[in-house]
Amino acid sequence: MNLLEPGRITEVAGLTGMGLTRLGLGLLAEPSHRSPVVALDVKGWLSPLAAWEVGVDPAHFVVVRCPDPSRWSQVAAALAEGVRAVYAEVPATIRDHDLRRLAALVRARRSGMALRPLGGALPSGVAHLRLRGID
């Protein structure tokens, strides 16, 4: 079963240190065997090795670093336009209407996207599926 469905957003949420980045990257494994996949890294520390360890095909994996929250929405939208599967960390400062606009684009382009909000949760109606880590 692929939890990263075309045209849908999966939310990966919970406290830091619970393995959620690994879970999010793991969602890219199956799609990476058919086409390129991308991880959008806002903290600057995501390692490709972590993706490879969970089964992501190294030949089809790209890490895009975007440390500037003011550019995040544009970068995420460009990735949704051109790549079939994306795992993206969401800076806490991203506005709800920008996330709703991104969700509409994901639906229109039939991309699969996993979003990891770094501050709180995604607004209502954005995620089709929510995966929450609990301790």
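Looking at the stretch 100-111, can you tell me whether even one residue there is in contact with a Phe, Trp or Tyr (Cβ under 8 Å, 6 or more places away or on another chain) and open to solvent by 60 Å² or more (accessible area, probe 1.4 Å)? No; the residues of the stretch 100-111 include none that is in contact with a Phe, Trp or Tyr (Cβ under 8 Å, 6 or more places away or on another chain) and open to solvent by 60 Å² or more (accessible area, probe 1.4 Å).
In the stretch 87-107, what residues are touching a residue at least 24 places away in the same chain (Cβ under 8 Å) and either small (Gly, Ala, Ser) or over 20 Å from SER124 (Cα atoms) (or both)? Once the filter is applied, which keeps residues that are touching a residue at least 24 places away in the same chain (Cβ under 8 Å) and either small (Gly, Ala, Ser) or over 20 Å from SER124 (Cα atoms) (or both), the stretch 87-107 yields ALA88, ALA92, ALA103. Of the residues making up the stretch 90-121, just one is touching a helix residue (DSSP H, G or I) at 6+ places or on another chain (Cβ under 8 Å) and among the acidic types (Asp, Glu), namely ASP98.
The residue that is most open to solvent (accessible area, probe 1.4 Å), counting only those in the stretch 1-17 that are of a type outside the set (A, V, I, L, M, F, W, C) and not in a loop (DSSP other than H, G, I, E, B), is ARG8. Looking for something among the basic types (Lys, Arg), part of a strand (DSSP E or B) and open to solvent by 50 Å² or more (accessible area, probe 1.4 Å) - is there at least one such residue anywhere in the stretch 114-132? Yes, the conditions are met somewhere in the stretch 114-132. Answer yes if at least one residue in the stretch 8-22 is more than 16 Å from LEU102 (Cβ to Cβ) and acidic (Asp, Glu), and no otherwise. Within the stretch 8-22 (the criterion being more than 16 Å from LEU102 (Cβ to Cβ) and acidic (Asp, Glu)), the answer is no, since none of the residues qualifies. If I ask for residues that are free of Cβ contacts under 8 Å to residues at least 12 places away in the same chain and under 14 Å from ARG116 (Cβ atoms), which ones from the stretch 1-55 would you list? Those that are free of Cβ contacts under 8 Å to residues at least 12 places away in the same chain and under 14 Å from ARG116 (Cβ atoms): THR16, GLY17, TRP45. Flag: ARG95 does not match the condition of being of a type in the set (D, E, K, R), modelled with pLDDT under 95 and within 20 Å of ARG130 (Cα to Cα).
Could you check, for the stretch 87-98, whether at least one of its residues is under 13 Å from PRO31 (Cβ atoms) and part of a loop (DSSP other than H, G, I, E, B)?
no
Please indicate, with yes or no, whether at least one residue in the stretch 4-13 is at pLDDT 95 or above, in contact with a strand residue (DSSP E or B) (Cβ under 9 Å, 6 or more places away or on another chain), of a type in the set (A, V, I, L, M, F, W, C) and more than 19 Å from GLY133 (Cα to Cα). Among the residues of the stretch 4-13, not one is at pLDDT 95 or above, in contact with a strand residue (DSSP E or B) (Cβ under 9 Å, 6 or more places away or on another chain), of a type in the set (A, V, I, L, M, F, W, C) and more than 19 Å from GLY133 (Cα to Cα), which makes the answer no.
The values are calculated or read from the model by the stated rules, or taken from the named source; none is laboratory data. Only a predicted model underlies this, so the values are computations on that prediction, with no experimental measurement involved. With ideal geometry, Cβ positions are generated from the backbone for all residues, glycine too; neighbour counts draw on all protein chains shown. What goes into the accessible areas is simple: the full protein's heavy atoms, side chains included, and nothing from ligands, DNA or RNA. Shrake-Rupley method; radii C 1.70, N 1.55, O 1.52, S 1.80 Å.
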